[in-house]
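Down below is the structure, laid out as structure tokens.
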Amino acid sequence: METNKNPEDLKTNAEPPVRKNFIREIVDDDLKTNKFEGRVHTRFPPEPNGYLHIGHAKSICLNFGLARDYKGFCNLRFDDTNPSKEEQEYVDSIEHDVRWLGFDWENRLYYASDYFDQLHEYAVQLIKKGKAYVCDLNADQVREHRGTLTEPGKDSPYRNRSVEENLDLFERMRKGEFPDGSRTLRAKIDMASPNLNMRDSVMYRVLRSTHHRTGDTWCIYPMYDWAHGQSDSIERITHSICTLEFEDHRPLYDWFVEQLGIYHPQQIEFARLNITYTVMSKRKLLQLVEEKRVKGWDDPRMPTISGLRRRGFTPESIRLFADRIGISKSESTVDVALLEDCLRDDLNKRSRRVMAVLHPIKLVIENYPDGVVEELDAVNNPEDATMGSRKVPFSKVLYIEQDDFREDPPKKYFRLSPGVEVRLRYAYIIKCVGVVKDEKTGEIVELRCTYDAETRSGSPQSARKVKGTIHWVSASHALDAEVRLYDRLFKVENPGGDDWRDHINPSALEVLKQCKVEPSLSNTTLQDRYQFERLGYFCVDDDSSGGSLVFNRTVTLRDTWARIEKA
RNA sequence: UGGGGUGUCGCCAAGUGGUAAGGCAGCGGCCUUUGGAGCCGCCAUUCCCAGGUUCGAAUCCUGGCACCCCAGCCA
């Protein structure tokens, strides 16, 4: 007897097996040795000075994914220690993006600024221990004393002040008695350390700037190195995951918690994400926005979460991508084709299919009766029968894609050309019997065809084979639409260097105003996603309103013909 | 040439001394009323290089080489 498939294969929505990586190995070991009493507690710590991008998504999926898989927790913590660059707008967008990606921090929303009092208290402790001092050197002087990569630094002349003096000075810094930049509180470590981070790292600077949460309460603000580890400790984070460039900050991270004698989280570093044909630094993305090279943080050309969302990406596709790229410590640049594959993989399964003509050309079926309209059945998604079907109106005058007709077809061209038959999807087989051209320009303005009435889809004769199938839209029923075609933001794989902006792809956005879409799209809503058959995946842009429809092309379908023709 | 890292297929990435997973890309083929989707097959005798240890090395040792990060009162 024929047996059924393994029951495992019949499971739906089965989570893909969790990919192994070096961080999970560390967590597994820590669990075995009971290093953190069997807890797993991570955090995602963005600075609210810009919008999140897909590189952050990698980190979000890592941190929240770890918490999910190990039955632990992941906090959302804003690293808001530099009020001169941070804004509430960014806080709001970050929260929105993390939620949209499908993660939930529940009641664990924190800010480094929540800990300003505690951090100040810790700093006083270090001063009392003789491990921190107030330094009167200005920024330039500090730099001069720091030494270089190959030469040790020199001690600050203020390094050996008494505890009492340091306490007094630090208190007066806090009260605002000294001008911005005039003094700092520094850790007293080792000016000769080969690790520059250990050369008496600055803990506090005097900075008069209104903080988005604490307002003008403070005029001294903690530096990243001082705030981050202590915040992790306060939240009892177990694994503090950050990117590679913080690797040589780890000794300092460890030094602070050890001097304080407080709970000690473990910092682990991994390689940040790079993707071909785009840029991923907040600085560059900010420049693109400020220099108006794109329309905003959510421009669909941007690799920001909000840009990808507006472009039509699904959170599922981004999570799938995060799973597939893996986690490691080697610097890498992922081929954007992988991202696109994850996108198509998800969109293929979920998108309703619909017919739309982007570059219309009129087609008249000479032997089809005037005034007759047939309602033809069209499947909504061949991948998912539960999505049902719809009716599409068919009549004598249609629009088809300019690309789907060639007066002089090359080899292997399966579409319409004079004397050749093609199937109109869900409708009839037609043959081209004439071409009408503009007398002056010679441009083709209309195609004359005949149809074979026996070949209507679903009828017995419809089985007749023809080389190609093309999509169409009934001229009198079609809706007008604007379609925005997006492509990669840069012309080169790795837009680096000072001239990176010179590589911006001017054709990354092409706007089509004369598109025709099937009438079932009349009651669509913002963000709805569709597959325009044979063309790609599209979503309804936020600029759509009332009567006007605007679609964004999320990604094209894989196009083997384009490849053949190119070769 | 101080310190910290990384080098496994075009791009990611497993591999943890027992004889190189997987995905993407690419290339063939099947199937198809989307040139879509799906399916099948091919795609690293070799792991940056050179020595060494071992019955056996991508994994251990020694010595090189290449690339990345660090001299913000940014994070």
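Read the figures in this text as sums done on the coordinates, not as results from a lab. This is a predicted model, so every value here is computed, not measured. Heads up, the Cβs are rebuilt from the backbone with ideal geometry, glycines too, and the neighbour counts pull from every protein chain shown.
Under 5 Å from the amide H of A:ARG77 lie the amide H atoms of A:PHE44, A:TYR110, each residue being 5 or more positions distant or on a separate chain, with H modelled from the backbone and absent for Pro and chain starts.
For chain A, relative contact order (Cα pairs under 8 Å, six or more residues apart, normalised by length) works out to 11 percent.
Taking θ as phi - 60° and the Karplus parameters 6.51, -1.76 and 1.60, the scalar couplings of segment A:269-276 work out to 10, 9, 6, 6, 8, 10, 10, 5 Hz in sequence order, x denoting glycine and proline. Counted by Cβ distance under 12 Å from A:SER201, the other residues give a net charge of +2, where Lys and Arg count +1 and Asp and Glu count -1. Within segment A:267-371, the trypsin sites (Lys or Arg not before Pro) that combine a DSSP coil assignment with at most 10 other C-beta atoms in a 10 angstrom radius are A:LYS292. For segment A:526-567 and segment A:106-129, compute the distance between their C-alpha centroids and round to whole Å. What the calculation gives is 50 Å, centre to centre.
Near A:TYR221, the amide H atoms lying under 5 Å from its own belong to A:ARG205, A:LEU207; only residues 5 or more places off or on other chains count, and H is placed 1.01 Å from N.
D by Stokes-Einstein for chain A, Kirkwood Rh over Cα pairs, 4 °C, 1.567 mPa s: 46 µm²/s. Quick check on segment A:167-236: take the gyration tensor over C-alpha atoms, sort the square-rooted eigenvalues as a ≥ b ≥ c, and tell me if it's rounded (a/c under 1.5), prolate or oblate. Oblate, because a/c is 1.5 or more while a/b does not exceed b/c. Calculated [222 nm] ellipticity per residue, helices only, for chain A: -8000 deg cm²/dmol; basis is -39500 (n - 2.57) per DSSP H run with n ≥ 4, divided by all residues, nearest 500.
Using a 10 Å Cβ count of at most 15 others and DSSP loop calls, identify the longest part of chain A lacking such chymotrypsin sites (Phe, Trp or Tyr not before Pro). Formally, the longest exposed-site-free interval is A:1-262. Under conditions of 37 °C and 0.692 mPa s, segment A:488-567 yields 216 µm² s⁻¹ as its translational diffusion coefficient, taking Rh as the Kirkwood radius over Cα pairs in the Stokes-Einstein equation. Distance from the Cα centroid of segment A:474-489 to that of segment A:267-332 is 27 Å (rounded to whole angstrom). Taken about its Cα centre, chain A carries a charge dipole of roughly 920 debye when the Cβ of each Lys and Arg holds +1 and the Cβ of each Asp and Glu holds -1. The GluC sites (Glu not before Pro) of segment A:281-335 that DSSP puts in a loop, and whose beta carbon has at most 12 other beta carbons within 10 Å, are A:GLU291, A:GLU331. Each residue of segment A:200-213 is assigned a 3J(HN,Hα), and the resulting list reads 6, 3, 6, 9, 9, 10, 8, 8, 8, 8, 6, 7, 4, 10 Hz, derived from the Karplus form 6.51 cos²θ - 1.76 cosθ + 1.60 (θ = phi - 60°), x at Gly and Pro. Applied to segment A:546-557, the Karplus parametrisation 6.51 cos²θ - 1.76 cosθ + 1.60 on θ = phi - 60° returns per-residue 3J(HN,Hα) values of x, x, 9, 9, 10, 10, 9, 7, 6, 7, 6, 6 Hz, with x for Gly and Pro. Would you pull out the residues with amide H under 5 Å of A:ASP190's amide H, same chain only if 5 or more places away, H placed 1.01 Å from N? Amide H to amide H, under 5 Å and 5 or more residues apart or across chains, A:ASP190 pairs with A:ASP200. Summing Cβ point charges (Lys, Arg +1; Asp, Glu -1) relative to the Cα centre of segment A:22-64 gives a dipole of roughly 80 debye.
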